[in-house]
Amino acid sequence: MVAPTTRETGPVVVEKVHTGKVVGISIIAALGGFLFGYDSSVINGANKAVFYQFQIENTSLQGFVVAIALLGSAVGAFFGGRLADKIGRKKVMVIAAILFLIAGLGQAFPFATWDFMLWRVVGGFAIGLAAVISPMYISEVAPAHLRGRLSSLFQLAIVVGIFSTQLVNQIIIGMVPDGVQEPVKNPAVPPVEANNVLALGLQAWQWMFLCMVVPAVIYWLLSLTIPESPRYLVAEGKSAEAKVVLSKIYVEDVDTKVAAIEESLKGDHKPSMKDIKGPKFGLLPLVWVGIILAIFQQFVGINAVFYYSNLIWSAVGFDESRAFTTSTIISAVNVIFTFVAIAFIDRVGRKLLLLIGSAGMFVTLAILAVTFVTAEKCTQQLIDAGTNSSCNAVSQLNNPMLSDSSGWIAVVALCTYVAFFAATWGPIVWVLLGEMFPNKIRAAALSIGVMANWIANFVVSESFPTLVSISLGLAYGIFTVCALLSFFYVLKFVKETKGVELEDMESLEDVKV
């Protein structure tokens, strides 16, 4: 991407703003990210209990039950941009909040596998809407000199949501009786502690989903209190209302800003999906930059860690309690290092942080791949002998058996990998997707980019259990290669957007892919 010369070579203009107001509305918009993180990660603590509840034995079906929400997310992302342009950013947030509420209740009280998957899709659709509307809204209300930090609040909300899920899940597991109460129906799909009854006759895994109702209601109510995006209001011919909104954010006169928005939206039609058509495989080159960045964010494997971390640690010999604790620590690392991104994104810029992240993830993923590949594997002979607690079930065949030292290496490497992702690729891709497109194509281009992100997420999540059944080292080897490729892609195609006004993003359209 090529930013305007005046912005890349000169200092970023710091405008006088009502900081508390813009931060407040950005935090409310970012709450969609909290539910995004909670709903997408809650399955990590509940998956094995759900597999037992409905006796889902086939590993491919297990993966699909987890990953089907991502298809809903892709559909939600695709329609999110259209809805945002048709009914406004604020109303889409309200719809997403209601869908999160419905999905939480539905997943807590399923009748069978099919309707559990249906509610997963509903929740996924809400996630897709949130993934489009929150970065879009924040980028459209934030001043240029604060946009990186404020847009990063969305990723911070995601990782806090993920951490909250891990914490809530661990608290719930700690409240149920030790040991497994349910009878073994099938050795291939044994019960776990999350199948134990917690309260009101409901099992622990059901309470994990029910806890999502509280933030969904809060998001619903707060989203009713924020103003509409000024860019959307201008597009709808409501420049006077846009001026009122901008006056709540900026201290000085906003007439020039309204005029700049009007100029950037000039045309004989309202924004639509047709605006992103171009000569490169049917899309504008800049749109392809966003799509490929979104795909790389998933292909480095981050969501395989958060969706399946408990299964990963169980696979390498950790008991259920230790697996939950390790997953919670990793989620805490994710939260802590997102603050690093918030601190540096408007100072260092987007590109350098992405390059640092790619290099760091490559090294740490390579260490994990080598650790898993070189470890002794669980074999049928060891299962029959019953001499190793890390190798005692058919489902653990071919899993690596880590020693104490290699186990610690894996934990440290995975935590460091998450730290690099959280400080770079996690928030920065969402920031770029929200800010890199000109006003007239932002909703449509952002929808396509986020849809690509969720399709890539689905591919990783659906294939990961199968890859693990072959070799955990193979899975992490693929992620390692993708991290390396992402470095060279950013180096060649991504340039800086730090400090660029949204109305100046037209200059990015000359990107060649």
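Nothing in this text is a laboratory measurement; each read-out follows from the coordinates by a stated rule. Given the structure is predicted, the values throughout are model-derived calculations rather than measurements. Cβ coordinates were reconstructed from backbone atoms using ideal geometry, including for glycine residues, and neighbour counts include every protein chain displayed.
Of the residues ILE261, TRP288, SER239, the one whose Cα sits farthest toward the positive end of the charge dipole of the range 209-288, with +1 on the Cβ of Lys and Arg and -1 on the Cβ of Asp and Glu, is TRP288.
Compared with the direct C-alpha span, the chain from LYS248 to GLU376 gains 39.9 nm at full extension, assuming 0.36 nm per residue. Per-residue extension of 0.36 nm, minus the Cα-Cα distance of THR59 and LEU474, leaves a gain of 147.7 nm for this segment.
Take the Cα of VAL94, step 7 Å toward its Cβ, do the same at ASP255, and the gap between the two points is 3.4 nm.
The tail of the calculated P(r) for the range 49-115, taken as Cα-Cα distances beyond 21 Å, holds 39 percent of the pairs. Note on ASN186 and ILE102: the extension gain reaches 27.1 nm, defined as 0.36 nm multiplied by sequence separation minus the Cα-Cα distance. Here r is the Cβ-Cβ distance between GLU262 and ALA112 and R0 is 56 Å; the resulting FRET efficiency, rounded to 0.05, is 0.55. Residues of the range 116-138 falling in the label zone of VAL217, defined by backbone nitrogen less than 20 Å from a point 7 Å along Cα to beta-carbon, are 123. The charge dipole of the range 114-258, taken about the Cα centre with unit charges on the Cβ atoms of Lys, Arg (+1) and Asp, Glu (-1), comes to about 200 debye, rounded to the nearest 20. Along the range 354-362 the Karplus relation, 6.51 cos²θ - 1.76 cosθ + 1.60 evaluated at θ = phi - 60°, assigns HN-Hα couplings of 4, 5, 4, x, 4, 5, x, 5, 4 Hz to successive residues, with x for each Gly and Pro. With unit charges on the beta carbon (Lys/Arg positive, Asp/Glu negative), name the residue among GLY148, ILE218, VAL251 whose Cα is farthest towards the positive pole of the charge dipole of the range 141-253. About the Cα centre, the residue reaching furthest to the positive side is VAL251. Strictly over 22 Å apart at the Cα level, which of LYS16/LYS86; LYS86/LYS495; LYS248/LYS351; LYS274/LYS440 would you flag in this model? Too far apart for the 22 Å limit: LYS16/LYS86; LYS86/LYS495; LYS248/LYS351. Taking all Cα pairs closer than 8 Å and separated by 6 or more residues, the relative contact order of the range 31-165 comes to 45 percent.
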